[in-house]
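What follows is one structure encoded as structure tokens, with my remarks underneath.
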Amino acid sequence: MTQRRPRHGQGSGLGLSTAGELLAMLCRAEAASARLDPDQFGDLVHARGELWRSTAGDHERVSADRRRAVLAYPDLARRLRLLLDLPDAKRWTGYMPPAVDQNGRPNDSPIRAALVKLVHEAYTREHAGEAASA
């Protein structure tokens with residue numbers, strides 16, 4: 001049996017290959033500690049799944065907005081391509097590594113710092129353009 005590998009920017013870091021597997025593991029642990037019966041466990045899984053899906057949708061919208069803002073400026077798209085060593089900046093999904101790791105420690109990656117700066121510059125230009133046209 002082959003094990004699925006998470007795509008870039010995905011994965012739990014716990015050897016689980018999908019968000020669903022991570023959700024199931026967390027629900028099982030929560031249900032065991034609360035001694036839930038099967039019906040309560042089903043309700044818990046459903047509630048956590050809905051929360052997970054709504055949060056994932058928010059992340060997708062924010063990533064798409066980041067991507068749109070950066071790609072709107074050819075010089076920023078060029079810097080992005082060089083920073084991430086991409087053949088084409090349009091291949092970037094808008095993913096931004098989290099500010100902290102799973103243990104709450106700051107993510108001090110220089111690539112993340114450069115991405116934050118790049119996205120901030122795109123939003124600053126965008127805002128300046130809106131202010132000038134008003």
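Each reported figure results from applying straightforward, stated rules to the coordinates on display, with no laboratory input. This one's a predicted model, so the numbers in the text were calculated from it and none came from an experiment. As a convention, Cβ positions derive from the backbone with ideal geometry for all residues, glycine included, and neighbour counts pool all protein chains shown.
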Mind giving me the nanometre distance, one decimal, between the label points for Tyr73 and Ala114, set 7 Å out from Cα along Cα→Cβ?
1.6
Going by average Cβ neighbours within 10 Å, how do the peptides 104-111, 116-123, 93-100, 66-73 rank, with the highest at the top?
66-73, 116-123, 93-100, 104-111
Could you give the nm distance between label points at Lys90 and Asp65, where each point is 7 Å from its Cα heading toward the beta carbon?
2.4
For Met96, other-chain or 5+-apart residues with amide H closer than 5 Å (H placed, Pro excluded) are none
